[in-house]
Amino acid sequence: MDNAMDLYAELGVTPQAEPEVIRAAFRALAQRYHPDRQLGASALMAAKMARLNQAYAVLCQPERRRAYDVSCRVPRPRPVSPVVHITTSGASLQNAQPFLTTYDQRGRLHAFV
């Protein structure tokens, strides 16, 4: 396992996220990045999917997750301020729509348009 990779960040969840939140995040990202679902899938998508699989393999098993947390000494998260992102459909920045992402108490990621 790549020790430099933050498994929680790879799946977009907090270290306090519950198992069902981790599973839902993995499934959503897998649908987005799986090479079989993309036309002309690149090596970058295959690498991203491999990292997602690796992160989920560790975080879905309680024993491996505890060992990972201890090895990384994951600190308690500070309160996170909302982040505003700009999404584009590939056309231009004129048609960009801002959206806001936040985490709730259970570690679930929420996006608001």
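Note on the range 49-70: residues that are more than 12 Å from R23 (Cα to Cα), out of contact with any Pro (no Cβ under 9 Å at 6 or more places or on another chain) and either hydrophobic (A, V, I, L, M, F, W, C) or without any contact (Cβ under 8 Å) to a residue 24 or more places away in the chain (or both) total 6.
Would you confirm whether any residue within the range 3-17 is at pLDDT below 90, acidic (D, E), within 21 Å of Y103 (Cβ to Cβ) and surrounded by 12 or more Cβ atoms within 10 Å (Cβ to Cβ)? Looking for residues that are at pLDDT below 90, acidic (D, E), within 21 Å of Y103 (Cβ to Cβ) and surrounded by 12 or more Cβ atoms within 10 Å (Cβ to Cβ), one finds at least one in the range 3-17, hence yes. List the pairs whose first member sits in the range 1-23 and is among the polar types (S, T, N, Q), whose second member is in a helix (DSSP H, G or I) and at pLDDT below 85, and whose Cβ atoms are under 9 Å apart, counting only residues at least 6 apart or on separate chains? Partner pairs satisfying both residue conditions: N3/C72.
Let's see how each residue does on (1) on the phi > 0 side of the Ramachandran plot; (2) at pLDDT below 65:
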site	(1), (2)
F26	no, no
Q31	no, no
M45	no, no
A57	no, no
R73	yes, no
Q94	no, yes
L100	no, yes
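The values are calculated or read from the model by the stated rules, or taken from the named source; none is laboratory data. Treat the numbers as computed from the prediction; the structure is a model and nothing was measured. With ideal geometry, Cβ positions are generated from the backbone for all residues, glycine too; neighbour counts draw on all protein chains shown.
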